[in-house]
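For reference, the structure is listed below as C-alpha cells.
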C-alpha cells in the first residue's frame with residue numbers, strides 16, 4: 001500500500017511540474033528571442049517525455065500486478081518457502097537455487113506466460129531486477145497474445 005501512495009504522490013507532483021513547465025513554455029514561446037523559443041520548445045518536450053515514461057511504467061506495473069493476481073487465483077504462484085532477511089528479501093543464495101527449476105519450465109513451455117512470470121519471480125529472488133523485468137514484459141506480451149487468440 002505504501003508503494004501505491006508513493007506512486008500517486010510522485011504522479012501528482014509530476015503533473016504539477018508539467019503544468020508549471022507548460023506555463024513557462026508558453027511565455028517563452030511567445031517571446032521574439034530565438035533562444036527563448038528553443039527553451040520553450042524544450043520545456044514542452046521534456047515534460048511530455050517524462051509523462052510518457054511514467055505512464056509506461058505505471059501501465060507495466062498494472063499489467064504485472066494483473067498477471068500476478070491471475071496466476072495467484074489459478075494457484076500457479078510458486079510456493080517456495082524460503083528464508084528471508086529482516087528486510088523481507090529472500091536470501092540471494094536461496095533465490096539462485098530456485099532459478100534452474102523455473103528456467104527449465106520456460107524451456108519446456110516457451111510460449112507460456114505463467115512460466116515466464118514464475119521465472120521473473122526467480123530472477124527477482126536472485127536479485128537480478130533487469131532480467132526479472134524483461135521476463136515480466138515477455139509474460140505480459142505472451143498473455144496478451146493468448147487472450148487475443150482465445
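The values are calculated or read from the model by the stated rules, or taken from the named source; none is laboratory data. Model, not experiment: these values are computed from the prediction. Every residue, glycine as well, gets a Cβ built from its backbone with ideal geometry; the counts of neighbours run over all protein chains shown.
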Inset, instruction - State whether one or more residues within region 70-79 are at pLDDT 90 or above and surrounded by 13 or more Cβ atoms within 10 Å (Cβ to Cβ). - result: yes
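So which residues in region 139-150 are surrounded by fewer than 18 Cβ atoms within 10 Å (Cβ to Cβ) and at pLDDT 95 or above, if there are any at all? It would help to see each step written out before you state the result.
Going residue by residue through region 139-150, those that are surrounded by fewer than 18 Cβ atoms within 10 Å (Cβ to Cβ) are 141, 144-150.
Selection gives 141 alone.
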Inset, instruction - Just one of (1) at pLDDT 90 or above; (2) in the same structural domain as residue 133 (by TED's automatic domain parsing) trips up residue 67, so point out which. - result: (2)
Legend entry - Selected residue (criterion: nearest to residue 38 (Cα to Cα)) from residues of region 1-22 that are touching a residue at least 40 places away in the same chain (Cβ under 8 Å) and surrounded by 14 or more Cβ atoms within 10 Å (Cβ to Cβ): 14
